[in-house]
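What follows is calculated from the coordinates using simple rules that are stated; it is not laboratory data. Predicted model, so just to flag it, every value in this text is computed and none were measured. Positions of Cβ are generated from backbone atoms using ideal geometry, with glycine treated the same way; all protein chains shown enter the neighbour counts.
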């Protein structure tokens, strides 16, 4: 099995928002970062994959088969809004999930609790946001899931906690048989560990593929004011002009048209910002 | 072997890894038959993506420095001295081009440049 998750032409219509033709493939053994502005449709896509929301079109294959109740036993999920109830205590949680997931591993779960510093007597409502995320992650990691779907797992976490989470995620894919799909807007995390990137904006696809290819297919360009010809102007994505100059993003193949101007390698965040701005301006 | 990755150098991470491993092979620090760290192990240790390391290893294989044995790992190849020589010549040429560029900018003559090379050649043992 080469592909862990295949999403083909996935769509959903809401009165005020349309998600259309979302397509990507996550190979087994790798990490995919799922990026886009707030409201771009990341969470909706994840909910469609997990059948928490009914799709209007398209297809989702998990290990080459449609997602079923049985296959969901092999998918670990962490959502931004916690599914843990406030009055539960940390020690109650195992009882609730161990009954639901056949592959529950008591020792592994206890190991994550102690590693994350989660005390058994604490109530969920008394946990900080970061601790709640770790709690959800401990659950998701403790029943032998082959695929992790994480919605903003690092948001609200301090840099040290984020680093810990990233380390755990890299450990998770060590043996090459498991995959991770995670959405985030903290793209510096992604720049490090993601193998693939899927980028959506306003409900449609912008990019899916290798992270390194995405980073290599654009340059940031900067220059003084009045430095641009009409032809150059049309080639710039998300052009921003101000009293002392301009900046914007260009495709690597258009690079030669801007010889002599300052060119820099963009970060994923730069690419996301310029492309989103460029599409908003249209 | 040590690998030191800079996040601010502007050089792609795969290229930094590739160059450092290549240098370790050329200097003899990594010897024929030695195994490179596993892809996933290294990705985890350096906190970078698996595919970034894969790319570094693949290019090292294409250039003849290592060989990938399916399921076993990546091993340093026997030194093909002709190949190593060519690679070194190639790198020397690149750097000399840079030097010539600098010389021309500073109106330094060919003779002066050659004198510097001769002088330094004798100084560096």
(request) Quick one, can you get me the convex hull of the C-alpha atoms of the range A:101-156 expressed as volume per residue in Å³? (result) 91 Å³
(message) Pick from A:138, A:252, A:161 the residue whose mean-square fluctuation is largest in a GNM of chain A, springs joining Cα atoms under 10 Å.
(response) A:252
(request) Which order do the peptides A:106-115, B:90-99 take when ranked by the mean count of other beta-carbon atoms within 10 Å per residue, highest first? (result) A:106-115, B:90-99
(message) Angle check, please: helix B:13-26 long axis (alpha carbons) against the longest principal axis of chain B (alpha carbons), in degrees 0 to 90, nearest 10.
(response) 80 degrees
(request) Using only Cα atoms, tell me the angle between helix A:129-140 and the longest principal axis of chain A; keep it within 0 to 90° and round to the nearest 10. (result) 70 degrees
(request) May I have the pair-distance distribution P(r) for chain B, computed from all Cα-Cα distances with 5 Å bins from 0 and rounded to whole percent? (result) 2, 9, 16, 18, 16, 12, 11, 8, 5, 3, 1, 0
(request) Enter the angle in degrees (range 0 to 90, nearest 10) between the Cα long axis of helix B:50-62 and the first principal axis of the Cα atoms of chain B, meaning the one along which they spread out most. (result) 60 degrees
(request) Would you mind pulling out the separation of the Cα centroids of the range A:84-116 and the range A:178-241, in Å? (result) 39 Å
(message) Using square roots of five times the C-alpha gyration tensor eigenvalues, list the equivalent-ellipsoid semi-axes of the range A:176-239 in whole Å, biggest first.
(response) 31, 13, 11
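Where does the range A:37-89 land on Rg(C-alpha)/(2.2 N^0.38 Å)?
The reported ratio for this selection is 1.33.
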(message) Based on alpha-carbon centroids, what's the gap between the range A:13-65 and the range B:78-124 in Å, whole number please?
(response) 54 Å
(request) Rank A:26, A:150, A:228 by mean-square fluctuation in a GNM of chain A with C-alpha springs under 10 angstrom and give only the top-ranked residue. (result) A:228
(request) Set the Förster distance to 25 Å, then compute FRET efficiency between residue B:19 and residue A:262 from the Cβ-Cβ distance, nearest 0.05. (result) 0.45
(message) Per-residue Cβ counts within 10 Å, from other chains only, averaged over A:210-223: what number is that?
(response) 1
(request) Along Cα→Cβ, 7 Å out, is where each label goes; now give me the distance between the ones at residue A:158 and residue B:113 in nm to one decimal. (result) 5.6 nm
(request) Ratio to report: Rg/Rh of chain A, with Cα atoms as the point set and Rh obtained by the Kirkwood method; give two decimals. (result) 1.03
(message) Quick check on the range B:81-123: take the gyration tensor over C-alpha atoms, sort the square-rooted eigenvalues as a ≥ b ≥ c, and tell me if it's rounded (a/c under 1.5), prolate or oblate.
(response) oblate
(message) Checking a compactness column here: for the range B:13-76, what do you get for Rg(Cα) / (2.2 N^0.38 Å), N being the number of residues?
(response) 1.01
(request) For the range A:196-270, report the translational diffusion coefficient in µm²/s to the nearest whole number, using Stokes-Einstein at 20 °C, 1.002 mPa s, and a Kirkwood Rh over Cα pairs. (result) 162 µm²/s
(message) Quick check: convex hull over the Cα atoms of the range A:146-282, volume per residue in Å³, rounded to an integer?
(response) 139 Å³
(request) Using label points projected 7 Å from each Cα along Cα→Cβ, tell me how many nm separate residue A:126 and residue B:35, to one decimal. (result) 4.9 nm
(message) What does the structure give for A:167-176 when I average, per residue, the other chain Cβ atoms found within 10 Å of the residue Cβ?
(response) 3
(request) Give the Rg/Rh ratio for the range A:1-50, taking Rg as the radius of gyration of the Cα atoms and Rh as the Kirkwood radius, to two decimals. (result) 1.00
(message) I'd like the mean, over residues of B:37-46, of how many other protein chain beta carbons sit within 10 Å of each residue's own Cβ.
(response) 3
